[in-house]
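Data block below; observations after.
The values are calculated or read from the model by the stated rules, or taken from the named source; none is laboratory data. What you see is a predicted model; the values in this text were computed from it and never measured. Note that we place each Cβ from the backbone using ideal geometry, even for glycine, and neighbour counts take in every protein chain shown. Accessible surface is based on the protein model in full, side chains and every heavy atom, while ligands, DNA and RNA are left aside. Shrake-Rupley method; radii C 1.70, N 1.55, O 1.52, S 1.80 Å.
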Amino acid sequence: MGGGIAAYKVCQIVRRLAENGHDVHVIPTDSALEFVGRPTWEALSGHSVHSGVFDDVPGVEHVRLGEQADLILVAPTTADLLSRIAQGRGDDLLTTTILASRAPKLLVPAMHTAMWLNPATQENAAAARRHGIVVKEPARGRLTGRDSGPGRMPEPDEIVWLAQSLLDDPECAEPMSAQDLAGWTILVSAGGTREPIDPVRYIGNLSSGRMGFAIATNAAARGAKVTVVAAHTQAQLPSSVEVVTVDTTEDLCQAMTQRARQADAIVMAAAAADFAAAPATTKIKKHEGTDHVGESMTLELHQTPDVLAQICADPVPGRVVVGFAAETTDDREQLLHLADAKLHRKGCDVLIVNDVSAGRVFGSSDTDITVVHQQGPGRRVVGSKARAAAAIVDEIHQLLAQ
Ligand code: CTP
(Lines give C-alpha, C1' and ligand atoms only; values in the text may rest on other atoms or scores of the structure.)
Protein backbone atom coordinates (compact mmCIF):
# COMPACT_ATOMS: atom_id res chain seq x y z
CA MET A 1 0.00 0.00 0.00
CA GLY A 2 1.29 3.41 -0.99
CA GLY A 3 0.94 6.74 0.81
CA GLY A 4 -2.15 8.31 -0.74
CA ILE A 5 -5.43 9.54 0.69
CA ALA A 6 -7.22 6.55 -0.91
CA ALA A 7 -5.50 4.39 1.78
CA TYR A 8 -8.69 4.72 3.85
CA LYS A 9 -10.62 2.77 1.18
CA VAL A 10 -8.08 -0.05 1.48
CA CYS A 11 -9.35 -0.84 5.01
CA GLN A 12 -12.54 -2.15 3.37
CA ILE A 13 -10.58 -4.08 0.76
CA VAL A 14 -8.52 -5.85 3.45
CA ARG A 15 -11.65 -6.60 5.44
CA ARG A 16 -13.56 -8.01 2.44
CA LEU A 17 -10.65 -10.16 1.28
CA ALA A 18 -10.27 -11.54 4.82
CA GLU A 19 -14.03 -12.16 5.05
CA ASN A 20 -13.81 -14.06 1.75
CA GLY A 21 -11.41 -16.46 3.48
CA HIS A 22 -8.06 -15.09 2.26
CA ASP A 23 -4.98 -14.76 4.46
CA VAL A 24 -4.14 -11.08 3.98
CA HIS A 25 -0.76 -9.53 4.86
CA VAL A 26 -0.45 -5.76 4.68
CA ILE A 27 2.85 -4.12 3.71
CA PRO A 28 2.55 -0.34 3.84
CA THR A 29 5.21 2.09 2.71
CA ASP A 30 6.36 4.51 5.44
CA SER A 31 4.25 7.27 3.91
CA ALA A 32 1.16 4.99 3.81
CA LEU A 33 1.44 4.79 7.61
CA GLU A 34 1.06 8.60 7.73
CA PHE A 35 -2.50 8.11 6.39
CA VAL A 36 -3.67 5.00 8.27
CA GLY A 37 -1.72 3.65 11.23
CA ARG A 38 -0.20 0.23 11.88
CA PRO A 39 -2.80 -0.88 14.51
CA THR A 40 -5.61 -0.59 11.94
CA TRP A 41 -3.80 -2.86 9.47
CA GLU A 42 -2.79 -5.34 12.17
CA ALA A 43 -6.35 -5.54 13.50
CA LEU A 44 -7.91 -5.96 10.04
CA SER A 45 -5.41 -8.53 8.76
CA GLY A 46 -4.64 -10.35 12.02
CA HIS A 47 -0.89 -10.16 11.28
CA SER A 48 1.92 -7.91 12.46
CA VAL A 49 2.78 -5.19 9.98
CA HIS A 50 6.24 -3.99 8.90
CA SER A 51 7.33 -1.47 6.32
CA GLY A 52 11.14 -1.64 6.39
CA VAL A 53 13.50 -4.42 5.35
CA PHE A 54 15.32 -4.18 8.70
CA ASP A 55 12.16 -4.60 10.84
CA ASP A 56 12.44 -8.41 11.03
CA VAL A 57 15.84 -9.42 9.67
CA PRO A 58 15.84 -13.10 10.85
CA GLY A 59 12.41 -13.64 9.26
CA VAL A 60 13.69 -12.49 5.80
CA GLU A 61 10.21 -11.05 5.38
CA HIS A 62 10.42 -9.93 1.73
CA VAL A 63 11.37 -13.41 0.50
CA ARG A 64 8.92 -15.23 2.79
CA LEU A 65 5.94 -12.98 1.94
CA GLY A 66 6.85 -12.84 -1.75
CA GLU A 67 7.05 -16.62 -2.04
CA GLN A 68 3.87 -17.26 -0.03
CA ALA A 69 1.71 -14.77 -1.91
CA ASP A 70 -0.87 -15.93 -4.49
CA LEU A 71 -1.45 -12.30 -5.47
CA ILE A 72 0.17 -8.95 -4.73
CA LEU A 73 -2.34 -6.11 -4.75
CA VAL A 74 -0.89 -2.60 -4.45
CA ALA A 75 -3.62 -0.10 -3.56
CA PRO A 76 -3.32 2.79 -3.72
CA THR A 77 -0.31 2.90 -6.04
CA THR A 78 1.03 6.45 -5.86
CA ALA A 79 3.03 8.05 -8.71
CA ASP A 80 6.26 7.58 -6.73
CA LEU A 81 5.53 3.94 -5.89
CA LEU A 82 4.57 3.20 -9.53
CA SER A 83 7.86 4.72 -10.65
CA ARG A 84 9.86 2.62 -8.17
CA ILE A 85 8.02 -0.61 -9.13
CA ALA A 86 8.41 0.11 -12.87
CA GLN A 87 12.17 0.59 -12.41
CA GLY A 88 12.49 -2.60 -10.36
CA ARG A 89 13.81 -0.74 -7.31
CA GLY A 90 13.86 -2.40 -3.91
CA ASP A 91 14.18 0.34 -1.32
CA ASP A 92 11.62 -0.82 1.24
CA LEU A 93 9.82 -4.01 2.30
CA LEU A 94 6.99 -3.55 -0.23
CA THR A 95 9.18 -3.10 -3.32
CA THR A 96 11.61 -5.86 -2.32
CA THR A 97 8.67 -8.23 -1.75
CA ILE A 98 7.30 -7.38 -5.21
CA LEU A 99 10.72 -8.16 -6.71
CA ALA A 100 10.95 -11.43 -4.79
CA SER A 101 7.50 -12.71 -5.84
CA ARG A 102 6.40 -14.66 -8.91
CA ALA A 103 2.69 -14.15 -8.06
CA PRO A 104 0.42 -12.05 -10.32
CA LYS A 105 0.58 -8.37 -9.38
CA LEU A 106 -2.27 -5.86 -9.56
CA LEU A 107 -1.50 -2.15 -9.18
CA VAL A 108 -4.34 0.28 -8.49
CA PRO A 109 -3.03 3.78 -9.22
CA ALA A 110 -4.72 6.66 -7.41
CA MET A 111 -3.46 10.23 -7.67
CA HIS A 112 -4.34 13.69 -8.97
CA THR A 113 -5.33 13.75 -12.67
CA ALA A 114 -2.32 15.84 -13.70
CA MET A 115 0.04 13.39 -11.99
CA TRP A 116 -1.66 10.38 -13.64
CA LEU A 117 -1.61 11.99 -17.10
CA ASN A 118 2.00 13.16 -16.73
CA PRO A 119 4.04 11.46 -19.50
CA ALA A 120 6.50 10.13 -16.90
CA THR A 121 3.70 8.37 -14.98
CA GLN A 122 2.15 7.05 -18.19
CA GLU A 123 5.54 5.68 -19.25
CA ASN A 124 5.93 4.02 -15.81
CA ALA A 125 2.48 2.41 -16.16
CA ALA A 126 3.44 1.16 -19.65
CA ALA A 127 6.77 -0.19 -18.33
CA ALA A 128 5.05 -2.02 -15.46
CA ARG A 129 2.61 -3.55 -17.99
CA ARG A 130 5.52 -4.66 -20.18
CA HIS A 131 6.88 -6.48 -17.11
CA GLY A 132 3.62 -8.47 -16.90
CA ILE A 133 2.08 -6.40 -14.09
CA VAL A 134 -1.65 -5.58 -14.26
CA VAL A 135 -2.17 -1.82 -13.92
CA LYS A 136 -5.80 -0.84 -13.36
CA GLU A 137 -6.94 2.37 -15.04
CA PRO A 138 -8.06 4.84 -12.34
CA ALA A 139 -11.72 5.81 -12.12
CA ARG A 140 -12.90 9.27 -13.17
CA GLY A 141 -14.61 11.52 -10.69
CA ARG A 142 -14.17 13.80 -7.70
CA LEU A 143 -10.58 13.93 -6.44
CA THR A 144 -9.39 14.91 -2.95
CA GLY A 145 -9.72 18.60 -3.72
CA ARG A 146 -12.48 20.32 -5.64
CA ASP A 147 -11.46 19.19 -9.12
CA SER A 148 -12.35 15.96 -10.82
CA GLY A 149 -10.95 13.73 -13.59
CA PRO A 150 -9.21 10.36 -13.97
CA GLY A 151 -7.19 9.48 -10.87
CA ARG A 152 -9.73 8.28 -8.30
CA MET A 153 -9.32 4.87 -6.79
CA PRO A 154 -12.21 2.61 -7.92
CA GLU A 155 -14.61 1.43 -5.21
CA PRO A 156 -13.44 -1.47 -2.99
CA ASP A 157 -15.96 -3.98 -4.43
CA GLU A 158 -14.56 -3.56 -7.92
CA ILE A 159 -10.96 -4.01 -6.73
CA VAL A 160 -11.88 -7.07 -4.66
CA TRP A 161 -13.66 -8.49 -7.72
CA LEU A 162 -10.60 -7.95 -9.92
CA ALA A 163 -8.28 -9.40 -7.26
CA GLN A 164 -10.55 -12.43 -6.95
CA SER A 165 -10.52 -12.95 -10.74
CA LEU A 166 -6.72 -13.00 -10.71
CA LEU A 167 -6.76 -15.47 -7.81
CA ASP A 168 -9.35 -17.68 -9.57
CA ASP A 169 -7.52 -17.57 -12.86
CA PRO A 170 -3.90 -16.29 -12.64
CA GLU A 171 -3.66 -16.61 -16.45
CA CYS A 172 -5.93 -13.53 -16.66
CA ALA A 173 -2.92 -11.40 -15.71
CA GLU A 174 -1.19 -11.75 -19.08
CA PRO A 175 -3.94 -10.34 -21.36
CA MET A 176 -4.71 -7.66 -18.77
CA SER A 177 -1.11 -6.45 -18.56
CA ALA A 178 -0.76 -6.71 -22.36
CA GLN A 179 -3.94 -4.60 -22.79
CA ASP A 180 -4.74 -6.87 -25.73
CA LEU A 181 -8.20 -5.34 -26.31
CA ALA A 182 -6.94 -1.72 -26.50
CA GLY A 183 -8.57 0.04 -29.45
CA TRP A 184 -11.67 -2.23 -29.51
CA THR A 185 -15.14 -1.06 -28.48
CA ILE A 186 -17.37 -3.58 -26.70
CA LEU A 187 -21.07 -3.17 -25.95
CA VAL A 188 -22.47 -5.40 -23.18
CA SER A 189 -26.05 -5.72 -21.92
CA ALA A 190 -26.59 -6.95 -18.38
CA GLY A 191 -29.29 -7.49 -15.75
CA GLY A 192 -33.00 -8.19 -16.01
CA THR A 193 -35.65 -5.99 -17.62
CA ARG A 194 -38.89 -5.05 -15.84
CA GLU A 195 -42.18 -4.72 -17.70
CA PRO A 196 -44.72 -2.63 -15.78
CA ILE A 197 -48.21 -4.01 -15.17
CA ASP A 198 -49.54 -0.99 -13.30
CA PRO A 199 -47.86 1.88 -11.34
CA VAL A 200 -46.71 -0.50 -8.55
CA ARG A 201 -46.16 -3.90 -10.19
CA TYR A 202 -43.97 -5.37 -12.88
CA ILE A 203 -42.96 -8.60 -14.62
CA GLY A 204 -39.30 -9.23 -13.84
CA ASN A 205 -36.78 -12.05 -13.68
CA LEU A 206 -33.99 -13.34 -11.43
CA SER A 207 -30.99 -11.99 -13.36
CA SER A 208 -28.51 -10.21 -11.05
CA GLY A 209 -26.37 -8.68 -13.80
CA ARG A 210 -23.20 -10.29 -12.40
CA MET A 211 -22.28 -12.19 -15.57
CA GLY A 212 -22.57 -9.12 -17.80
CA PHE A 213 -20.59 -6.99 -15.33
CA ALA A 214 -17.93 -9.69 -15.03
CA ILE A 215 -17.50 -9.65 -18.82
CA ALA A 216 -17.47 -5.84 -18.92
CA THR A 217 -14.91 -5.58 -16.08
CA ASN A 218 -12.65 -8.20 -17.66
CA ALA A 219 -12.79 -6.57 -21.11
CA ALA A 220 -12.13 -3.10 -19.63
CA ALA A 221 -9.17 -4.47 -17.65
CA ARG A 222 -7.79 -5.74 -20.97
CA GLY A 223 -7.98 -2.22 -22.41
CA ALA A 224 -11.29 -2.28 -24.32
CA LYS A 225 -13.59 0.74 -24.36
CA VAL A 226 -16.71 -0.77 -22.79
CA THR A 227 -20.31 0.42 -22.57
CA VAL A 228 -22.75 -1.52 -20.41
CA VAL A 229 -26.47 -1.19 -21.04
CA ALA A 230 -27.73 -2.21 -17.62
CA ALA A 231 -31.29 -3.25 -16.88
CA HIS A 232 -32.09 -3.95 -13.21
CA THR A 233 -29.06 -5.37 -11.39
CA GLN A 234 -27.81 -6.11 -7.90
CA ALA A 235 -24.15 -6.10 -8.83
CA GLN A 236 -21.63 -3.27 -8.31
CA LEU A 237 -21.37 -1.16 -11.48
CA PRO A 238 -17.76 -1.11 -12.68
CA SER A 239 -16.14 2.37 -12.66
CA SER A 240 -14.03 1.77 -15.75
CA VAL A 241 -16.97 1.46 -18.14
CA GLU A 242 -19.71 3.74 -19.40
CA VAL A 243 -23.07 2.66 -17.96
CA VAL A 244 -26.46 3.35 -19.56
CA THR A 245 -29.40 2.26 -17.39
CA VAL A 246 -32.64 0.95 -18.89
CA ASP A 247 -35.91 -0.44 -17.59
CA THR A 248 -37.88 -2.44 -20.16
CA THR A 249 -36.98 -4.65 -23.15
CA GLU A 250 -38.15 -1.85 -25.43
CA ASP A 251 -35.67 0.58 -23.71
CA LEU A 252 -32.94 -2.05 -23.88
CA CYS A 253 -33.63 -2.54 -27.59
CA GLN A 254 -33.38 1.18 -28.27
CA ALA A 255 -30.16 1.64 -26.24
CA MET A 256 -28.49 -1.38 -27.84
CA THR A 257 -29.49 -0.80 -31.48
CA GLN A 258 -28.45 2.88 -31.23
CA ARG A 259 -24.90 1.82 -30.30
CA ALA A 260 -24.65 -1.52 -32.13
CA ARG A 261 -23.09 -0.28 -35.38
CA GLN A 262 -20.20 1.47 -33.58
CA ALA A 263 -19.24 -1.61 -31.56
CA ASP A 264 -16.57 -4.13 -32.56
CA ALA A 265 -18.18 -6.74 -30.31
CA ILE A 266 -21.59 -7.06 -28.66
CA VAL A 267 -22.47 -9.31 -25.73
CA MET A 268 -26.17 -9.80 -24.96
CA ALA A 269 -26.00 -11.04 -21.38
CA ALA A 270 -29.22 -9.30 -20.27
CA ALA A 271 -32.28 -11.34 -19.45
CA ALA A 272 -34.86 -9.50 -21.51
CA ALA A 273 -38.56 -10.13 -20.90
CA ASP A 274 -40.13 -11.75 -23.96
CA PHE A 275 -43.59 -10.46 -23.12
CA ALA A 276 -44.93 -7.14 -21.80
CA ALA A 277 -48.34 -5.84 -20.72
CA ALA A 278 -50.01 -2.59 -21.72
CA PRO A 279 -49.64 -1.08 -18.20
CA ALA A 280 -52.74 0.16 -16.38
CA THR A 281 -52.48 3.82 -15.37
CA THR A 282 -53.91 3.17 -11.91
CA LYS A 283 -53.31 0.28 -9.51
CA ILE A 284 -55.24 -2.85 -10.57
CA LYS A 285 -57.75 -3.60 -7.79
CA LYS A 286 -58.87 -7.02 -6.68
CA HIS A 287 -62.62 -7.39 -6.18
CA GLU A 288 -63.74 -5.77 -2.94
CA GLY A 289 -66.37 -6.90 -0.44
CA THR A 290 -66.27 -10.68 -0.72
CA ASP A 291 -63.28 -12.97 -0.45
CA HIS A 292 -62.43 -14.44 -3.85
CA VAL A 293 -59.43 -16.64 -2.93
CA GLY A 294 -58.41 -18.70 -5.94
CA GLU A 295 -60.22 -16.51 -8.46
CA SER A 296 -58.20 -16.12 -11.64
CA MET A 297 -57.42 -12.90 -13.45
CA THR A 298 -56.19 -12.53 -17.01
CA LEU A 299 -53.36 -10.26 -18.03
CA GLU A 300 -52.91 -9.79 -21.74
CA LEU A 301 -49.27 -9.76 -22.85
CA HIS A 302 -47.69 -8.90 -26.16
CA GLN A 303 -44.32 -10.06 -27.43
CA THR A 304 -41.38 -7.65 -27.07
CA PRO A 305 -38.67 -7.15 -29.73
CA ASP A 306 -35.91 -9.74 -29.86
CA VAL A 307 -32.93 -7.41 -29.40
CA LEU A 308 -30.26 -9.96 -30.28
CA ALA A 309 -32.05 -11.11 -33.44
CA GLN A 310 -32.56 -7.48 -34.52
CA ILE A 311 -28.87 -6.69 -34.05
CA CYS A 312 -27.84 -9.81 -36.00
CA ALA A 313 -30.27 -8.93 -38.79
CA ASP A 314 -28.23 -5.76 -39.41
CA PRO A 315 -24.73 -7.24 -39.74
CA VAL A 316 -21.50 -5.22 -39.67
CA PRO A 317 -18.44 -6.85 -41.32
CA GLY A 318 -15.90 -8.00 -38.72
CA ARG A 319 -18.21 -7.35 -35.75
CA VAL A 320 -18.57 -10.20 -33.23
CA VAL A 321 -21.98 -10.85 -31.63
CA VAL A 322 -22.27 -13.07 -28.56
CA GLY A 323 -25.64 -14.22 -27.23
CA PHE A 324 -26.60 -16.10 -24.08
CA ALA A 325 -29.04 -18.96 -23.72
CA ALA A 326 -30.65 -19.69 -20.38
CA GLU A 327 -32.16 -23.19 -20.63
CA THR A 328 -33.82 -25.41 -18.05
CA THR A 329 -32.57 -28.90 -18.77
CA ASP A 330 -29.80 -30.88 -17.11
CA ASP A 331 -29.63 -33.29 -20.08
CA ARG A 332 -26.38 -32.10 -21.66
CA GLU A 333 -27.15 -33.38 -25.13
CA GLN A 334 -30.49 -31.59 -25.15
CA LEU A 335 -28.87 -28.43 -23.73
CA LEU A 336 -26.38 -28.31 -26.61
CA HIS A 337 -29.12 -29.10 -29.13
CA LEU A 338 -31.27 -26.19 -27.83
CA ALA A 339 -28.23 -23.90 -27.89
CA ASP A 340 -27.35 -24.81 -31.46
CA ALA A 341 -30.94 -24.17 -32.61
CA LYS A 342 -31.02 -20.81 -30.76
CA LEU A 343 -27.66 -19.71 -32.20
CA HIS A 344 -28.85 -20.36 -35.75
CA ARG A 345 -32.28 -18.82 -35.10
CA LYS A 346 -30.77 -15.60 -33.73
CA GLY A 347 -27.83 -15.50 -36.15
CA CYS A 348 -25.09 -14.63 -33.62
CA ASP A 349 -21.44 -15.75 -33.93
CA VAL A 350 -21.20 -17.35 -30.48
CA LEU A 351 -23.80 -18.46 -27.93
CA ILE A 352 -23.00 -19.02 -24.26
CA VAL A 353 -25.35 -21.64 -22.90
CA ASN A 354 -26.07 -22.55 -19.30
CA ASP A 355 -28.62 -24.60 -17.43
CA VAL A 356 -30.57 -22.31 -15.10
CA SER A 357 -33.02 -24.88 -13.72
CA ALA A 358 -33.64 -25.13 -9.95
CA GLY A 359 -32.41 -21.57 -9.29
CA ARG A 360 -28.87 -22.42 -10.47
CA VAL A 361 -26.69 -19.59 -11.76
CA PHE A 362 -28.98 -16.56 -11.17
CA GLY A 363 -27.51 -14.45 -8.35
CA SER A 364 -24.74 -16.95 -7.70
CA SER A 365 -21.03 -16.16 -8.03
CA ASP A 366 -20.48 -19.52 -9.78
CA THR A 367 -21.67 -20.78 -13.11
CA ASP A 368 -21.31 -23.60 -15.65
CA ILE A 369 -21.15 -22.35 -19.24
CA THR A 370 -20.47 -23.89 -22.63
CA VAL A 371 -19.36 -21.79 -25.59
CA VAL A 372 -21.19 -22.79 -28.77
CA HIS A 373 -19.98 -21.69 -32.21
CA GLN A 374 -21.66 -21.88 -35.62
CA GLN A 375 -19.53 -25.03 -36.15
CA GLY A 376 -20.58 -26.70 -32.88
CA PRO A 377 -19.87 -26.74 -29.14
CA GLY A 378 -16.51 -25.49 -27.82
CA ARG A 379 -15.05 -24.83 -24.39
CA ARG A 380 -16.93 -25.57 -21.13
CA VAL A 381 -16.09 -23.58 -17.98
CA VAL A 382 -17.30 -24.61 -14.53
CA GLY A 383 -16.38 -22.18 -11.76
CA SER A 384 -16.62 -18.53 -10.84
CA LYS A 385 -18.36 -16.02 -13.11
CA ALA A 386 -15.01 -14.19 -13.22
CA ARG A 387 -13.39 -17.27 -14.74
CA ALA A 388 -16.25 -17.76 -17.20
CA ALA A 389 -16.06 -14.06 -18.14
CA ALA A 390 -12.33 -14.40 -18.88
CA ALA A 391 -13.04 -17.35 -21.20
CA ILE A 392 -15.83 -15.45 -23.02
CA VAL A 393 -13.60 -12.40 -23.47
CA ASP A 394 -10.85 -14.73 -24.79
CA GLU A 395 -13.31 -15.99 -27.42
CA ILE A 396 -14.13 -12.40 -28.41
CA HIS A 397 -10.43 -11.54 -28.62
CA GLN A 398 -9.73 -14.55 -30.84
CA LEU A 399 -12.59 -13.70 -33.21
CA LEU A 400 -11.64 -10.00 -33.38
CA ALA A 401 -8.01 -10.87 -34.03
CA GLN A 402 -8.96 -13.11 -37.02
N1 CTP B 1 -32.86 -11.79 -25.95
C2 CTP B 1 -33.09 -10.59 -26.61
N3 CTP B 1 -34.34 -10.07 -26.64
C4 CTP B 1 -35.37 -10.72 -26.08
C5 CTP B 1 -35.14 -11.95 -25.41
C6 CTP B 1 -33.87 -12.45 -25.36
O7 CTP B 1 -32.13 -10.02 -27.14
N8 CTP B 1 -36.57 -10.18 -26.14
C9 CTP B 1 -31.48 -12.32 -25.96
C10 CTP B 1 -30.90 -12.60 -24.59
O11 CTP B 1 -30.19 -11.48 -24.10
C12 CTP B 1 -29.93 -13.75 -24.89
C13 CTP B 1 -30.62 -14.49 -26.03
O14 CTP B 1 -31.52 -13.57 -26.62
O15 CTP B 1 -28.70 -13.30 -25.34
C16 CTP B 1 -31.37 -15.72 -25.63
O17 CTP B 1 -32.25 -15.44 -24.57
P18 CTP B 1 -33.16 -16.58 -23.96
O19 CTP B 1 -34.01 -15.99 -22.87
O20 CTP B 1 -32.33 -17.77 -23.63
O21 CTP B 1 -34.01 -17.01 -25.21
P22 CTP B 1 -35.31 -16.43 -25.87
O23 CTP B 1 -34.94 -15.72 -27.13
O24 CTP B 1 -36.10 -15.64 -24.89
O25 CTP B 1 -36.04 -17.78 -26.29
P26 CTP B 1 -36.83 -18.85 -25.34
O27 CTP B 1 -37.45 -18.05 -24.23
O28 CTP B 1 -37.82 -19.44 -26.28
O29 CTP B 1 -35.80 -19.83 -24.87
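For residue 261, what charge total do you get from the other residues with a beta carbon under 14 Å from its beta carbon, if Lys and Arg give +1 and Asp and Glu give -1? Neighbour charge sum, excluding residue 261 itself: 0.
With viscosity 1.567 mPa s and temperature 4 °C, the Kirkwood radius over alpha carbon pairs of the chain converts through Stokes-Einstein to a diffusion coefficient of 56 µm²/s.
Look at the alpha carbon pairs under 8 Å that are at least 6 residues apart: their mean separation over the length of segment 6-178 gives a relative contact order of 21 percent. In this structure residue 332 has an accessible area near 80 Å², from a 1.4 Å probe over the protein heavy atoms.
Per residue, the accessible area of the chain comes to 48 Å², computed with a 1.4 Å probe over protein heavy atoms only. For 357, 296, the ranking by accessible surface with the largest value first comes to 296, 357, using a 1.4 Å probe. Note on exposure: 344, 112, 337 ranked by accessible area (1.4 Å probe, complete protein assembly) read 337, 344, 112, with the most exposed listed first. Taking only protein heavy atoms and a 1.4 Å probe, the accessible area of the chain is 50% carbon and sulfur. Taking the longest Cα principal axis of the chain as reference, the axis of helix 385-401 is set at about 80 degrees. Residues 340, 291 ordered from highest to lowest accessible area at a 1.4 Å probe: 291, 340.
For segment 6-178, the Cβ-based charge dipole about the Cα centre amounts to some 520 debye (Lys, Arg positive; Asp, Glu negative; other atoms uncharged).
The sum of -39500 (n - 2.57) across all DSSP H runs of n ≥ 4, divided by the residue count of the chain, sets its helix-only mean residue ellipticity at 222 nm to -10500 deg cm²/dmol. Three semi-axes describe the equivalent ellipsoid of segment 141-198; taken as square roots of 5 times the Cα gyration tensor eigenvalues and ordered largest first, they are 26, 23, 15 Å.
Ellipsoid fit via the Cα gyration tensor, segment 6-178: semi-axes of 23, 18, 17 Å, each the root of five times an eigenvalue, largest first.
Shape of segment 158-303 from its Cα gyration tensor (a ≥ b ≥ c, root eigenvalues): rounded if a/c is under 1.5, otherwise prolate when a/b > b/c, or oblate? Prolate shape, in that a/c is at least 1.5 and a/b is the bigger ratio. Considering only alpha-carbon pairs that sit under 8 angstrom and 6 or more positions apart, the relative contact order computed for the chain is 11 percent. Legend: distances between Cα atoms for 105/136; 225/342; 136/225; 346/385; 9/136; pairs beyond 22 Å are 225/342; 346/385. Can you grab the distance from the C-alpha centre of segment 129-160 to the C-alpha centre of segment 1-58, Å, no decimals? So the two Cα centres are separated by 19 Å.
Treating the angle as unsigned and between 0 and 90°, give the value, to the nearest 10°, between the Cα long axis of helix 7-19 and the longest Cα principal axis of the chain. For 7-19 against the chain, the angle is about 70 degrees. Residue 353 exposes around 0 Å² of accessible area when a 1.4 Å probe is run over every protein chain in place. For residue 98, the solvent-accessible surface with a 1.4 Å probe is about 20 Å², rounded to the nearest 10.
With both labels modelled 7 Å from their Cα along Cα-to-Cβ, the residue 402 to residue 200 distance reads 5.3 nm. In the chain, the sites counted are GluC sites (Glu not before Pro) in DSSP loop states with at most 13 other Cβ atoms within 10 Å, and the longest stretch holding none of them, exclusive of the sites, is 1-287.
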